Each structure stands twice: as structure tokens, then as C-alpha cells.
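Only the coordinates and a few stated rules stand behind these numbers; no lab work does. Predicted, not measured: the structure shown is a model, and the values here were computed from it. Cβ atoms come from the backbone with ideal geometry, glycine included; neighbour counts cover every protein chain shown.
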């Protein structure tokens, strides 16, 4: 993902930086609504197209947006970005009737 062969797409990187700025100081991006074309388009796999700095800011902004929505996940397409990226966070619940094991992992 960040190997020596990864090549940053400067145009995409600029577009994502602009998208992040629309979130303002609150880091809240608008979530696109059903019917938006980006939700039906095939996504592009992520292979290092963004600089490490831009990717970190995007993930942080998506995480903040997801929590404010509220939700347990947010895909890049939901903010109008056609990359195959998502943030997910679900917290452990003390439900003894649930047979599934859930372990808490830090959001990084």
C-alpha cells in the first residue's frame, strides 16, 4: 500500500484535500443521499494514490463524520469519493445473550 512502487495521484490527492476542507474545523463531511451516481459506480482499489498525510487526514475526517452520523461504518463512496476505503468502529457490548465474541480494538 505504501511501498516504493506506490505512486501518489497528484490530481486525486488535491481533490481529496479540497473535500477534507469542506468538513471545516468540525471535520464533518456531507454524506451523499440515495440516488447519487457515485453510490452505484465501481470503486477504485486503494494502492497508495494519496500521500500518507492526506490519507491520515481523510481517515480522521471520515471517522469524525461517521461518529456524528451516528454509525459504525462509513465508506468513501458515502462522502462522494470513488475509492474503496472505509472506516469501521463498533464497541463491545455487555450482552450475555449474544454468543458471538467481540473484542475491542483501538481505532488507528
Mind giving me the nanometre distance, one decimal, between the label points for residue 21 and residue 67, set 7 Å out from Cα along Cα→Cβ?
2.5 nm
Using a Förster distance of 22 Å, how high is the FRET efficiency between residue 56 and residue 11, based on the Cβ-Cβ distance and rounded to 0.05?
0.70
Going highest first, how would you order 61-71, 33-43 by mean Cβ packing within 10 Å?
61-71, 33-43
Take region 14-83, drop everything but the C-alpha atoms, weight them equally and run the Debye formula without solvent; then report log10 I(q)/I(0) at 0.11, 0.23, 0.25, 0.28 Å⁻¹ to two decimals.
-0.24, -1.10, -1.27, -1.45
